[in-house]
Amino acid sequence: MKKINIAKVPVEKYASPGGKYAQHCQEISLAIGGRKHPFDLELVTLPAGKANCPYHYHTAQWELYVIVRGTGQVRTPKGRTAVRTGDVFMCPPGEPHQLINNTKRDLQYYCIADNPVSDSGYYPDSDKWLVDHRIIKGKRVPYLTGEE
């Protein structure tokens, strides 16, 4: 058995160049033993007024979200749904999604995702794909092309 304490997992901070996207992430499953797990676990803090990433879907990966603290919105093809502390929701493969913190306080959540052998993603707002860790749009383009 491997054991760690979440408080000791480093926090990695990300912010997009234009400032629309930001998150502080603790990659718990990586800290406990790399990518050899059947799932990934992250504890993410989404700063006030930010989205976690561009609106996207995965072709193979499932994601389960558990809201730990705060309120915000989840964007899906059906629109925006309010979420708050204690809410749990799941995004299956093929369903576009995005978390948005539309408040003045941090939103914190766990993301638990299965770890498929292969996965790609699509970004409907900018019509681009994530394939083999590369962002492409007819040709390879930077990650945030068309997002900000």
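Where a number appears in this text, it was derived from the coordinates with a stated rule and is not lab data. All values reported here derive from a predicted model rather than from experimental measurement. FYI the Cβ positions are ideal-geometry reconstructions off the backbone, even for glycines, and counts take in every protein chain you see.
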Which of N115, F89, G146 sits closest to the plus end of the dipole of region 20-148, meaning its Cα is farthest towards the positive end, when Lys and Arg get +1 and Asp and Glu get -1 on the C-beta? G146
Per-residue ellipticity at 222 nm attributable to helices in the chain (runs of n ≥ 4 DSSP H, -39500 (n - 2.57) apiece, nearest 500 deg cm²/dmol) works out to -1000 deg cm²/dmol
Picking from V117, V11, V66, which is most flexible by a Gaussian network model of the chain using Cα springs under 10 Å? V117
Any idea what diffusion coefficient region 59-132 gets from Stokes-Einstein, in µm²/s, Kirkwood Rh on alpha carbon pairs, 4 °C, 1.567 mPa s? 98
Beyond 18 Å, the calculated P(r) of the chain holds a percent of Cα-Cα pairs equal to 60
Highest to lowest packing among 49-60, 71-82, 105-116, scored as the average C-beta count within 10 Å: 49-60, 105-116, 71-82
Mean Cα-pair separation over length for region 1-67, i.e. relative contact order, pairs under 8 Å, 6 or more apart, %: 28
Zone residues, region 1-25, relative to D125, backbone N less than 15 Å from point 7 Å out along Cα-to-Cβ: 15-23
Percent RCO, i.e. relative contact order, over the chain, from Cα pairs under 8 Å lying at least 6 residues apart: 24
Beyond 20 Å (Cα-Cα) in this structure, taken from K20/K104; K13/K50; K2/K36; K50/K137; K3/K36, we find K50/K137
Measure off 7 Å from each Cα along the Cα-to-Cβ vector at N102 and V117, then give the distance between these two points in nanometres to one decimal. 4.1
What FRET efficiency comes out for E148 versus I6 if R0 is 35 angstrom and r is the Cβ-Cβ distance? Round to the nearest 0.05. 0.65
Neighbourhood charge, 15 Å Cβ-Cβ cut-off, centred on R84 and excluding it, Lys, Arg +1 and Asp, Glu -1: +2
